[in-house]
1. Restricting attention to segment 175-198, and to residues there that are within 20 Å of TYR122 (Cα to Cα) and touching a helix residue (DSSP H, G or I) at 6+ places or on another chain (Cβ under 7 Å), which single residue is surrounded by the most Cβ atoms within 10 Å (Cβ to Cβ)?
2. Inspect all residues belonging to segment 79-86 and state whether any of them is loosely packed, with under 13 Cβ neighbours inside 10 Å, outside the structural domain of HIS150 (by TED's automatic domain parsing), modelled with pLDDT of 90 or more and on the phi > 0 side of the Ramachandran plot.
3. Among the candidates LEU149, LEU124, which residue alone is under 24 Å from GLU215 (Cβ atoms), in contact with a His (Cβ under 7 Å, 6 or more places away or on another chain) and assigned by TED's automatic domain parsing to the domain that holds GLU216?
4. With the structure loaded, tell me whether ALA129 is in a helix (DSSP H, G or I), small (Gly, Ala, Ser) and not assigned by TED's automatic domain parsing to the domain that holds PRO11 or whether it fails that test.
5. I'd like the residue in segment 98-118 that is crowded, with 18+ Cβ neighbours inside 10 Å and in contact with an Asp or Glu (Cβ under 9 Å, 6 or more places away or on another chain) and, out of all such residues, is modelled with the lowest pLDDT.
6. Under 9 Å between Cβ atoms, which residue pairs at least 6 apart in sequence (or on different chains) link something in segment 178-197 that is β-branched (Val, Ile, Thr) with a partner that is surrounded by 16 or more Cβ atoms within 10 Å (Cβ to Cβ) and in a strand (DSSP E or B)?
7. Is there a residue in segment 119-130 that is in contact with a Pro (Cβ under 9 Å, 6 or more places away or on another chain), on the phi < 0 side of the Ramachandran plot and surrounded by 15 or more Cβ atoms within 10 Å (Cβ to Cβ)?
8. Within the set of pairs 6+ apart or on separate chains, which have a first residue in segment 78-94 that is touching a residue at least 40 places away in the same chain (Cβ under 8 Å) and closer than 18 Å to LEU15 by Cβ, a second that is part of a strand (DSSP E or B) and of a type in the set (Gly, Ala, Ser), and C-beta atoms under 8 Å apart?
Amino acid sequence: MPRYDVEILQPTALLPEVGDARATFERIWDGIPKNRPRRLWHFLPELGLFVKGRAARWNLSRANYMRSRRILTERVALAGLAACGLPVPEVVAVGAEWRAGISTRSWLVLRLLEKVVDLESYLLDGVDAPGSPRRQAVFVAVGRLVAQLHAAHAYHRDLSNRNVLLRLDGPAPRLHLIDCPRALLFPWGPTEPGLRRGDLYRIARSCRRDGASLEEVEALLVAAEAPDRPRILAAIDRSLDSGERRPFRTQVWMVTGR
């Protein structure tokens, strides 16, 4: 028999009160369009909410086990990042279906971030011209966000420009981190240089790939307080020239720093 765990942190029009866990779980699950086999999401702008879902195949492989837990690990990561003062979406509720110790289905209800655009779309759509003051401010702000992340001994581990949201309607860019199921936090531990190099490489490479100039990427890395910036830029050039996301030499450098 499956077991259902539902935690509602903030009652809303979608989740007015905690009732039967199974009925609540199924009601949210049924409201998510099933247009993808295992990775599902649904925007509810009229309610100011965003719902993410995960479904896993019924098998005991390690990959499937890790995939089935992505929603649950993201809920923990978001709580930890928020406690460190980092700008992440607010968790409203979480639900999981368990079978034989494996979460076969799960969902996460988040507070919807409004008037935002992801950094990838910002660059590809040419929202601001290269070299414009606001575009320069965006790269500096992204670098400072990465520095804040690492100062908290936290590591996103999937820090591409798709996972940084911008809000540009104020005097300065406002940023948010999203999609954090792989994030790791070591609030009382030493800095993890390999994880730090990975975050810096991913965000800088994705920006350079999507049209950021060398000067803009350097400004991001300076604001991020990145050590050994020439090595990061050289690794990005090797990757873009070869067409490989992470060439073997780059993987060695990310792990060893050599």
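The values are calculated or read from the model by the stated rules, or taken from the named source; none is laboratory data. Computed from a predicted model, the values in this text were never measured in an experiment. Neighbour counts run over all protein chains shown; Cβ positions are idealised from the backbone, glycine included.
1. Of the residues in segment 175-198, the ones within 20 Å of TYR122 (Cα to Cα) are 175-179.
Add one more test, that the residue is touching a helix residue (DSSP H, G or I) at 6+ places or on another chain (Cβ under 7 Å), and what stays is 175, 177-179.
Numbers: LEU175: 20, LEU177: 23, ILE178: 21, ASP179: 20.
Step by step, filter segment 175-198, then rank; the result is LEU177.
2. Among the residues of segment 79-86, at least one is loosely packed, with under 13 Cβ neighbours inside 10 Å, outside the structural domain of HIS150 (by TED's automatic domain parsing), modelled with pLDDT of 90 or more and on the phi > 0 side of the Ramachandran plot, which makes the answer yes.
3. Numbers: LEU124 fails: in contact with a His (Cβ under 7 Å, 6 or more places away or on another chain).
The conditions single out LEU149.
4. Details: in a helix (DSSP H, G or I): no; small (Gly, Ala, Ser): yes; not assigned by TED's automatic domain parsing to the domain that holds PRO11: yes.
In short, no.
5. Only one residue tops the list, namely SER103.
6. Once the first residue is β-branched (Val, Ile, Thr) and sits in segment 178-197, its partners that are surrounded by 16 or more Cβ atoms within 10 Å (Cβ to Cβ) and in a strand (DSSP E or B) give ILE178/LEU110; ILE178/ASP118; ILE178/VAL164; ILE178/LEU165.
7. Just the residues of segment 119-130 that are in contact with a Pro (Cβ under 9 Å, 6 or more places away or on another chain), to begin with: none.
Among the residues of segment 119-130, not one is in contact with a Pro (Cβ under 9 Å, 6 or more places away or on another chain), on the phi < 0 side of the Ramachandran plot and surrounded by 15 or more Cβ atoms within 10 Å (Cβ to Cβ), which makes the answer no.
8. Taking only residues 6 or more apart or on different chains, the pairs are VAL94/SER106.
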